[in-house]
Amino acid sequence: MKLNSLVISVITFINNYKKLFIRIIFLSFFFAWSMSAHAVIILDSTFKKSGFAAAEQLAMQPAFQALMHLESELDVIDGSGVWIGNYRGHGYVLTAAHMFVGGIEANGYTYVLRSGERFQGEKLFLHPLYRNKGNHDRTGFDLAVVQLSKEVTQAGAQPFLYSGTKEYGGLLTFMGYGYRGIGSKGQMTIIDTKNRAAAAQGVVTKVVDAKKNIQQQDDAGNYLEIWLPKEDGSLKDAHDAISTFPKTSLVGLLGSGDSGGPAWLQFNNDWVIVGINSDGTGNAKYGDYSWFARISSVQEWLRLMVPSLKFWDNGVR
């Protein structure tokens, strides 16, 4: 009798909270499936020499103070973002649209600066070409802007956003929060419990323009691509068929813990945000690819929400 009562109580509890359970299971599955790995993947040789220390040091450079951690009660959906400016008493964060699937709103995360200052989200704006779509054909528009409850004042100078067209061949520096990995294994289930950001680099070997008549296309375009070569140069880029060695010891790939973080290029002495971490292939191993939503094609959309943005175009600010 007592056992039957217990079973009935458990069934009643499950029925009452069934929607919540389904949502948690869905979100866990979606993020495990839709993103290639967790946080930056680095070269085996770099890891052997110093672990992730160099990757963490790169992310901590003063130029990258605008980086933000998107914290959630569900660890599987933690992500990254970047402060892009203040306007009329509010700070604004640029991140990835896929961080808000399953009905997650702006207040579904706490937005944390490297300094430790914490912010609450108030409003969410998804790029209209991504809404109700997915990374399969909308990686290039995997963009969201979050309005914060107050201005951001401890993130250094307001960063530049790129409005030019010269990303190809540049050395991309990208960063975020989450798990870690190495080229031979890809994603590893090592949780970064100290919430330290890490960064990696990659040469932009492909630039895809936004396609016209996007509603009739399978793929909307508008993304940057990098890949991870091996130290011995034995792999070839499947798209360019060029045997390539890593350009620096910090070459790597991004993963799900980096989703929404910024990707930068340095022009002259200025660091400029050219993309937002979006997606990738495989398990983020040697020979795999990472993709970044391209900033230069979405200027008008960004200015609608944040007129105070600072853009950089080949030396013209």
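The values are calculated or read from the model by the stated rules, or taken from the named source; none is laboratory data. Just so it is clear, the model here is predicted, and its values are computed rather than measured. Methodologically, a virtual Cβ is constructed for each residue, glycine included, from the backbone with ideal geometry; neighbour enumeration extends over all protein chains shown.
Contact map, the stretch 196-214: residues that are closer than 27 Å to residue 61 by Cα paired with residues that are surrounded by fewer than 16 Cβ atoms within 10 Å (Cβ to Cβ) and basic (Lys, Arg), Cβ distance under 7 Å, separation 6+ or inter-chain. Pairs shown: 203/247.
Look at the stretch 266-287: where a residue is in contact (Cβ under 8 Å) with a residue 60 or more places away in the chain and closer than 15 Å to residue 64 by Cβ and a partner is of a type in the set (Lys, Arg) and not in a strand (DSSP E or B), sitting 6+ places away or on another chain with Cβ atoms under 9 Å, you get 270/317.
Only residues that are in contact (Cβ under 8 Å) with a residue 24 or more places away in the chain and out of contact with any helix residue (DSSP H, G or I) (no Cβ under 9 Å at 6 or more places or on another chain) were counted across the stretch 97-117, and they come to 6.
Looking across the stretch 131-183, the residues that are of a type in the set (D, E, K, R) and either closer than 17 Å to residue 79 by Cα or over 19 Å from the mean Cα position of the chain (by Cα) (or both) come down to 142, 150, 151, 166, 180. Residue count for the stretch 108-141, restricted to those that are modelled with pLDDT under 95, within 16 Å of residue 80 (Cα to Cα) and of a type in the set (Gly, Ala, Ser): 3.
Among strands (runs of 3 or more DSSP E) entirely within the stretch 85-170, having at least 1 residues that are within 26 Å of residue 296 (Cβ to Cβ) and among the acidic types (Asp, Glu) singles out no element at all. For the stretch 211-260, the set of residues classified as among the aliphatic types (A, V, I, L, M), surrounded by fewer than 20 Cβ atoms within 10 Å (Cβ to Cβ) and modelled with pLDDT of 90 or more consists of 235 only. Checking 240, 270 one by one, the residue that is within 30 Å of residue 147 (Cβ to Cβ) and touching a strand residue (DSSP E or B) at 6+ places or on another chain (Cβ under 9 Å) is 270 and no other. If only residues of the stretch 277-317 that are surrounded by 20 or more Cβ atoms within 10 Å (Cβ to Cβ) and hydroxyl-bearing (Ser, Thr, Tyr) are counted, the one that is farthest from residue 148 (Cα to Cα) is 286.
With 144, 157, 200 as the choices, which residue is surrounded by fewer than 18 Cβ atoms within 10 Å (Cβ to Cβ) and at pLDDT 90 or above? Testing whether each residue is surrounded by fewer than 18 Cβ atoms within 10 Å (Cβ to Cβ) and at pLDDT 90 or above leaves just 157.
Among the criteria (1) touching a helix residue (DSSP H, G or I) at 6+ places or on another chain (Cβ under 6 Å); (2) free of Cβ contacts under 8 Å to residues at least 24 places away in the same chain, the one residue 88 does not fulfil is (1).
Each residue in the stretch 261-276 was checked for being at pLDDT below 95 and either β-branched (Val, Ile, Thr) or surrounded by 16 or more Cβ atoms within 10 Å (Cβ to Cβ) (or both), and 1 of them qualify. Scanning the stretch 200-258 for residues that are in a strand (DSSP E or B) and farther than 23 Å from residue 177 by Cα turns up 206, 207, 208, 209, 210, 221, 222, 236, 243.
Within the set 64, 47, 52, the sole residue that is in contact with a Lys or Arg (Cβ under 7 Å, 6 or more places away or on another chain), modelled with pLDDT of 50 or more and under 24 Å from residue 227 (Cβ atoms) turns out to be 52. For beta carbons closer than 9 Å, sequence separation of 6+ or different chains, a first residue in the stretch 119-143 that is closer than 15 Å to residue 211 by Cα and a second that is exposed (fewer than 15 other Cβ atoms within 10 Å of the Cβ) and modelled with pLDDT of 95 or more, there are no qualifying pairs.
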